[in-house]
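First comes the structure, then the notes that go with it.
Bear in mind that the values in this text are calculations on the coordinates, not laboratory data. If you're wondering where the values come from, they're calculated on a predicted model, not measured in any experiment. Note that each Cβ is placed from the backbone with ideal geometry, even for glycine, and that neighbours are counted across all protein chains shown.
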Amino acid sequence: MAELASDGSSPDVGLLYDINGLAKDAPAWFDRVMEFTGEYGIMLAMVLVVLWCWWSVRRRGTPADSVTAVAALVWAPLAAGVALLVNIPIRGFVERPRPFVDHDGLEVLVDGKTDYSFVSDHATMAMAIAVAVFVAHRRFGLAAIGLALAEGFARVYMGVHYPTDVVGGLALGTAVALLLAPLTLALLTPLVSAVARSRRGGWLVRSRRADAPAAVRPETVGIPEPRLGGPADDGRDEKGLAA
C-alpha cells in the first residue's frame, strides 16, 4: 500500500501540485501564516468554537436541551481522541510516505515530518470535533465543519499531505463521531444530568440566569398606575369641588 497515489500522473498528485503550488507564488509572510494556521491556528479556533457553543447552550433552550448539548460537547474531544487511536493501525497498514518523500518540487512549509501520511491526523481530529459540535448545535457545527475543511486544505497547501490523506481523515473523523455518538451520549447524558443537578457544578451545564424568573413589573401584578393629579389630587373633581 505504500505506493498509493505515488504515480505522478494520478489526479491525487496533480491536485497536490496545484494546491501546493499556491505556496510557491505566495509571499513568504503568507506562507508563515498558513504554517501556523495549519499546525495550530485552526485547532485553536476549533476550541474557541466549542467554548462559544458551550456558553450559548447553557443560556438558551430548556434544561433538557442544555444537558443534551453539553453531553455532545463533552463527546467532541473524546471523539477526536478515539479517532486518532483508530488511525494508528490504519497508518501502519497503509504505510504511505509523506508526499515530499516521493515527489520533487514541493514547497514544504513544515520540516521534520517523518511519520506516515495516510490519513491526516489534523483532518481527523478537526472533523471529529466538528461533527460532535454539529450534534450539539447545528449553527456552531456548520462553523466547525468549515474550519475542518480549511484544516484539510491547509495541510495540502503546506505540502505535508496528499488530498486523499485529507479526505480519508475527514471521513474517519465523521464516522467515529457519528457511529459512536448514540452509545457515548447514552453514557454521558446521565452524568451531565447529575452535574446539572449539583449545587457546585450545575453552572457548567445550565446558567442560573437562564431559569431565573422574569423581573416583576407593576402591570403584571395588578398595581394601578398613579393618577395624573399626583399628590395634589385629594379626591376633588376636575372643577375643584368636593365629590
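Taking other C-beta atoms within 10 angstrom as a stand-in for reagent exposure, VAL82, VAL108 fall in the order VAL108, VAL82, fewest first.
Counted by neighbouring Cβ atoms within 10 Å, the residues TYR162, TYR116, TYR157 run from fewest to most as TYR116, TYR157, TYR162.
Relative contact order, whole percent, for segment 11-204 stands at 30, derived from Cα pairs under 8 Å and 6 or more residues apart.
Distances between every pair of Cα atoms in segment 11-204, grouped in 10 Å steps from 0 to the bin holding the largest one, split as 10, 33, 30, 17, 9, 2, 0 percent.
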